[in-house]
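What follows is a single structure, written as structure tokens, with notes after it.
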Amino acid sequence: MIELWMSVKIALRALRVNKLRAFLTMLGIICGIAAVIAMIAIGAGARQVISEQIASIGSNLLLVLPGSTTAGGLRTGAGSAATLTMGDLRAIRAEAPSVALAAPTVRGTAQIVFGNLNWSTAVQGTTPEFLEIREWPVVNGRPLTQTDVDGTARVALLGQTVAEQLFGAEEPVGRLIRIRQVPFTVVGVLERKGQSPQGSDQDDVILVPVRTAQRRLFGGRTPDSVNSILIKAVGAEALAAAQEEVTALLEQRHRIAPGKDRDFTIRNLSEMLAVSEQSSRTMSLLLGSVASISLLVGGIGIMNIMLVSVTERTREIGIRLAIGARRRDILLQFLTEAVLLTIVGGLLGIVFGVSGAAAVSRLLGWPTLIAAEAILVAVGFSAAVGIFFGFYPARKAASLDPIQALRYE
Amino acid sequence: MVVQLSDISRDYQVGEQQVRALRGVSFAVAAGEFVAIMGASGSGKSTCMNILGCLDRPTGGRYLLDGVEVGRLPGDDLAALRNRKLGFIFQGFNLLPRTPALENVELPLIYARVPAAERRRRALAVLEQVGLAGRADHTSSQLSGGQQQRVAIARALVNQPTLILADEPTGNLDSATSAEIMALFQELNRGGITIIMVTHEAEIAACAGRSITFRDGQILSDLPAGQGRA
Ligand SMILES: Nc1ncnc2c1ncn2[C@@H]1O[C@H](COP(=O)(O)OP(=O)(O)O)[C@@H](O)[C@H]1O
Ligand SMILES: [Mg+2]
């Protein structure tokens, strides 16, 4: 077998003879690889955003919401029932061993005023555990404390969006704002979280102590009730156990007979995020397979041109055989040509794919992520396409009868 | 003996019909001979040359090349024989298109795994031997018919073969150029190279030392010819 380098040189010479054709043949591979690279980059970018969002929410989370309840034949709407209380929260903290942390939320919308600026945002009453569960540090000032909660302190933590809207470049910590006319002192500003998986701005929020929210802002007729309870399980494997424990505990506390409708619902936030991650994975798989089809078409183009080339060069093959080339040498020569076409095409495809993904990022603002593995896979794939689609024409060349081939016009 | 054919036959199956291209051909060629093969078109000359050149296998009979029985050798060994012991010259020159003369001449050496530098040196040397020293970079389209045939002869010579096989080497050339090519053949033969050449021109055959005439796949006559070495 002549050395690979020699057959590369022979192949390069053969390709140089018909440069335009070689380029057009490569174009199919270029497009295919570029499409695969760009699609993988877009898919990976989307997945990365989702996993960042998952991280921003926190892990191993359950959310307890008041459910619709049937009382005397009347069904009230979900969340409208004031069925969850601070008592439930205390019971969950005390009696559910799989629960690491639990935090209440008392939620309302309010107009916030600072000086002559005002901003409408979500105000959330909670306890210090909330920041821990959401893994949400304070970047400026201090977090909420149990003392704030116990003392019904009129203190507030601002999300980044609120801080920017009301204070701009000014220092917010220590300033006085009014929430529903009630004066609060800003004690801290939260780190930026960005968008939630649902697309809402997680930084457009104000946190206050839960009892302050109940008594001063949104309490109304049922000052002990809460809108939801956020729970962090002790670990991923304890999530199901935590859900069971909390369900049993609340059924018992709310005196719900077995088999009857519950007046609360428990959502597994981690599960919901896993679903959205799964759907984005499916999407990128779909994009990737569409792109692979174009690569396949490119491979068929290679095969087509190689078959034409074998026919055109029948006499050359005859000459080589007469001069002492073995069939293997001929096979290797044509295979090398096909692989060379696809590898060069593949490399150009990577260049175009990477710049295409960069252009998508820039022009459409889509996140893209180019992994080294994706590029390696692309190179390997194009070589495989060359071997696969080049083999049949090469074998055809190698099995020509030298006498017939020499006579071929 | 360089070549020994005994009772060689070659049958072609064309549909239902059997064409007997060679029917019991026997002759031997000694080292240093220059043999012309003559005969009417269709008499089996090319078929015989293909068998001599290890491009085809006989249906029956025995063929010894340099004392080796060729009939049962596997394909790769035949390729090696063609590469090391045989040099082909064709009527239509059969150079690679768009390829410089030098590379055409180097081709057998590539398949003989000769290193690049030596390949180049030897190819240039044979090009000089056939009188084309200045044409190494010319491609077929830049060379005359006679020059192309000289490149083909250089290619046949470059691996120092035991036997040169030429099937109507002057068939595409005018008579003046044919005479030049024959002079070159005679010179090579005087240098000790064995040549078997097919031709149907008596003048060309007269350059050889011996002429074998075919008819209907059999040898009609085997005679020493006028000039040349006997
Ligand atoms: N591949 C083939 N298939 C069938 N018949 C063939 C083939 N090659 C040669 N022949 C036949 O064999 C005979 C001898 O042909 P050939 O050796 O080419 O004659 P020449 O070279 O003397 O003109 C002819 O009748 C030709 O038709
Ligand atoms: Mg003939």
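The values are calculated or read from the model by the stated rules, or taken from the named source; none is laboratory data. Bear in mind the structure is a predicted one, so any value in this text is a computation, not a measurement. Every residue, glycine among them, receives a Cβ derived from its backbone with ideal geometry; neighbour counts consider all protein chains shown. Side chains included, ligands, DNA and RNA excluded: accessible areas come from the protein's heavy atoms. Shrake-Rupley method; radii C 1.70, N 1.55, O 1.52, S 1.80 Å.
Brief remarks follow.
- Hits in the stretch B:25-72 (condition: within 14 Å of another protein chain (Cβ to nearest Cβ) and among the polar types (S, T, N, Q)): B:Ser46, B:Thr47, B:Asn50
- B:Val29 vs. criteria under 16 Å from B:Met197 (Cβ atoms) and surrounded by 14 or more Cβ atoms within 10 Å (Cβ to Cβ): yes
- Listing of helices (runs of 4 or more DSSP H) fully contained in the stretch B:8-126 that carry 2 or more residues being of a type in the set (Asp, Glu) and out of contact with any Cys (no Cβ under 7 Å at 6 or more places or on another chain): B:75-84, B:101-111
- Looking only at residues of the stretch A:305-319 that are open to solvent by less than 50 Å² (accessible area, probe 1.4 Å) and more than 14 Å from chain B (Cβ to nearest Cβ), we find that the one that is nearest to A:Leu24 (Cα to Cα) is A:Ile305.
Table: residues versus (1) surrounded by fewer than 17 Cβ atoms within 10 Å (Cβ to Cβ); (2) in the same structural domain as A:Pro209 (by TED's automatic domain parsing); (3) over 20 Å from A:Pro104 (Cα atoms).
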site: A:Thr127; (1), (2), (3): no, yes, no
site: A:Leu131; (1), (2), (3): no, yes, no
site: A:Trp136; (1), (2), (3): no, yes, no
site: A:Thr161; (1), (2), (3): no, yes, yes
site: A:Pro172; (1), (2), (3): no, yes, yes
site: A:Arg178; (1), (2), (3): yes, yes, yes
site: A:Thr185; (1), (2), (3): yes, yes, yes
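- Lone qualifier among A:Ile403, A:Ile302 - being within 14 Å of another protein chain (Cβ to nearest Cβ), under 30 Å from B:Ile110 (Cβ atoms) and in a helix (DSSP H, G or I): A:Ile403
- Listed by position, the strands (runs of 3 or more DSSP E) inside the stretch A:176-246 whose residues that are of a type in the set (D, E, K, R) and modelled with pLDDT of 90 or more number at least 1 are A:176-179, A:228-233.
- The test for being buried (at least 19 other Cβ atoms within 10 Å of the Cβ), over 20 Å from the mean Cα position of the chain (by Cα), assigned to a helix (DSSP H, G or I) and assigned by TED's automatic domain parsing to the domain that holds A:Leu20 holds for A:Ser382.
- Per-region count, the stretch A:194-217, residues open to solvent by 40 Å² or more (accessible area, probe 1.4 Å), in contact (Cβ under 8 Å) with a residue 12 or more places away in the chain and under 33 Å from the mean Cα position of the chain (by Cα): 4
- Taking the criterion of being over 14 Å from A:Val351 (Cα atoms) and among the aliphatic types (A, V, I, L, M), the residues of the stretch A:41-60 that qualify are A:Ile42, A:Ala44, A:Ala46, A:Val49, A:Ile50, A:Ile54, A:Ala55, A:Ile57.
- Checklist (1) touching a residue at least 24 places away in the same chain (Cβ under 8 Å); (2) within 16 Å of ligand 1 (Cβ to nearest atom); (3) over 11 Å from the mean Cα position of the chain (by Cα) applied to B:Gly42, failing item: (1)
- Within the stretch B:98-134, considering residues that are within 11 Å of chain A (Cβ to nearest Cβ) and open to solvent by 50 Å² or more (accessible area, probe 1.4 Å), the one modelled with the lowest pLDDT: B:Arg98
Table: residues versus (1) outside the structural domain of A:Phe391 (by TED's automatic domain parsing); (2) surrounded by fewer than 18 Cβ atoms within 10 Å (Cβ to Cβ); (3) touching a residue at least 12 places away in the same chain (Cβ under 8 Å).
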residue	(1), (2), (3)
A:Pro258	yes, yes, no
A:Thr282	no, yes, no
A:Ser292	no, yes, yes
A:Leu321	no, no, yes
A:Gly346	no, no, yes
A:Gly353	no, no, yes
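- Any hit, the stretch A:355-376, residues being within 30 Å of B:Arg82 (Cβ to Cβ), out of contact with any strand residue (DSSP E or B) (no Cβ under 8 Å at 6 or more places or on another chain) and open to solvent by 60 Å² or more (accessible area, probe 1.4 Å): no
- The number of residues in the stretch A:308-360 that are farther than 30 Å from A:Ala44 by Cα and either in a helix (DSSP H, G or I) or in contact with a Cys (Cβ under 8 Å, 6 or more places away or on another chain) (or both) comes to 27.
- Look at (1) within 16 Å of ligand 1 (Cβ to nearest atom); (2) more than 14 Å from every other protein chain (Cβ to nearest Cβ); (3) open to solvent by less than 60 Å² (accessible area, probe 1.4 Å); (4) out of contact with any Ser or Thr (no Cβ under 8 Å at 6 or more places or on another chain) and you find that B:Gln218 fails only one, number (3).
- Flag if B:Gly75 is facing chain A (nearest Cβ under 10 Å), more than 23 Å from B:Ser140 (Cα to Cα) and open to solvent by 40 Å² or more (accessible area, probe 1.4 Å): yes
- Counting only strands (runs of 3 or more DSSP E) that fall entirely inside the stretch A:105-174 and contain at least 2 residues that are over 15 Å from A:Val208 (Cα atoms), the qualifying elements are A:117-126, A:138-141.
- Any hit, the stretch A:333-343, residues being within 13 Å of another protein chain (Cβ to nearest Cβ) and polar (S, T, N, Q): yes
- Qualifying residue in the stretch A:221-229 (condition: free of Cβ contacts under 8 Å to residues at least 24 places away in the same chain, under 24 Å from A:Leu273 (Cβ atoms) and under 30 Å from the mean Cα position of the chain (by Cα)): no
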